[in-house]
Amino acid sequence: MMNKLDFSKIGFDYGLKPHLMLVGDPEFSKLFLAGKCIGLCYEFSKDKEDLIKPESLSFIFENEKPAEDFFKILLNWIDKSNGDGNAVAMDFIETDEGGYTLGISPDRKRFIDRMVPKSHKEKVSPVAMLFTQFKEIPTLSKSYLDFKNNINNIDNLCIGYVIAKGEKIIKKGEKHFFKTEFNFYEENNISEDNMAAVYHAVKKQSDLVKKPRPKPTEHLVQELGKRRLLEMKSYLPLTLNRLQNKWLEIIIEKLEKEYEKDQIVQAICNLTIFERLKQNVDLSSDFTGQGYPNRILDYLLFTFESFDSYYPDDDFYTEERIIQQIQNDKNELTQYFNKP
């Protein structure tokens, strides 16, 4: 029995990289708050030439269990990034009020690297939604300034935590990691492309202004065309070979009077793929719901075209059906560039 999936309004452009939404886990932020961080502790050493060398930065927590669990999550990010301590991003933002704020978050690049499967690395455009936890410090202490001004004197820095009761440190945490990358900003000089830019949204209790995607330039259109052809050759070599051997020649020649050849070929490829998908009775109706470009991509990546692959009868490929699919594909392209 054939699946009753409805692809009549679905388009797919092989030149585009479907957006893959990746959402970070906010649990580390909840644990940080539960741990009640009351400050930061810096430790230094000096070499024979009195060069100041930062040795460690410790969070000072009041509650041990959530503090330990907070660090477990950070260490999990690091473990899944091949032991790279820079999987934990740390941004220091000096404020107009004379203090500074430390922002802690997953490093965006390393988060995407560990979340996107290798098979999809060059096939999708990841969109990461990450949580950042901030800790405000009211003054620019001498310890902070020594840390900032001498951070380049060392190869890496130990990041850990201690437990305090009142003003007294009573225990050193067992968990720690080493990190080499730290970012320093002034409050009014933060790039909107940087994770620290979230600080403005939090401070103003407003959303970041979403910039619209750039409109496709002539160069971009050419690049999309090249990618479209390469991707179709990769996923559907037998279908393209049939088309080169005069398959559907009459209807293609007729449509070429109004449409570009690659639009027609893509439409035929998509109609073929959708009919193959309908043969799979195990697919759910969600296949054509929100996020369908990624599900189509998954199918193309893991289902190799063979001589046994299904093709509908030639009379299925009517002029009206191909034109409708061309329009669906064009709509997909337009929506891609109109999304903020």
A careful count of residues in segment 146-170 that are crowded, with 18+ Cβ neighbours inside 10 Å and under 19 Å from Glu187 (Cβ atoms) gives 1
So which residues in segment 1-24 are among the polar types (S, T, N, Q) and either open to solvent by less than 50 Å² (accessible area, probe 1.4 Å) or modelled with pLDDT of 95 or more (or both)? Asn3
Of those in segment 97-145 that are among the β-branched types (Val, Ile, Thr), open to solvent by 20 Å² or more (accessible area, probe 1.4 Å) and part of a loop (DSSP other than H, G, I, E, B), the residue modelled with the lowest pLDDT is Thr132
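Condition check: basic (Lys, Arg) and over 27 Å from the mean Cα position of the chain (by Cα). Does Lys175 satisfy that?
On the way: basic (Lys, Arg): yes; over 27 Å from the mean Cα position of the chain (by Cα): yes.
Judged against the criteria, Lys175 is a match.
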Pairs with Cβ under 7 Å, 6+ apart, first in segment 170-192 and free of Cβ contacts under 8 Å to residues at least 40 places away in the same chain and aliphatic (A, V, I, L, M), second surrounded by 13 or more Cβ atoms within 10 Å (Cβ to Cβ) and in a strand (DSSP E or B): Ile170/Ile163; Ile170/Ala164
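Would you point out which residue out of Leu240, Leu248, Leu271 is closer than 16 Å to Thr318 by Cβ, open to solvent by less than 30 Å² (accessible area, probe 1.4 Å) and either out of contact with any Asp or Glu (no Cβ under 9 Å at 6 or more places or on another chain) or modelled with pLDDT under 95 (or both)?
Values: Leu240 fails: closer than 16 Å to Thr318 by Cβ; Leu248 fails: either out of contact with any Asp or Glu (no Cβ under 9 Å at 6 or more places or on another chain) or modelled with pLDDT under 95 (or both).
After ruling out the rest, the residue left standing is Leu271.
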Look through Glu68, Glu27, Glu94 and report the one residue that is over 29 Å from Lys142 (Cα atoms) and either surrounded by 19 or more Cβ atoms within 10 Å (Cβ to Cβ) or under 31 Å from the mean Cα position of the chain (by Cα) (or both). Glu27
Which condition from (1) buried (at least 16 other Cβ atoms within 10 Å of the Cβ); (2) in contact with a His (Cβ under 9 Å, 6 or more places away or on another chain) is the one that Leu301 breaks? (1)
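The values are calculated or read from the model by the stated rules, or taken from the named source; none is laboratory data. Being a predicted model, the structure only gives us computed values, none of them experimental. Virtual Cβ from ideal backbone geometry, glycine too; neighbours counted across all protein chains shown. Just so you know, the surface numbers come from the protein's heavy atoms only, side chains and all, with ligands and any DNA or RNA stripped out. Shrake-Rupley method; radii C 1.70, N 1.55, O 1.52, S 1.80 Å.
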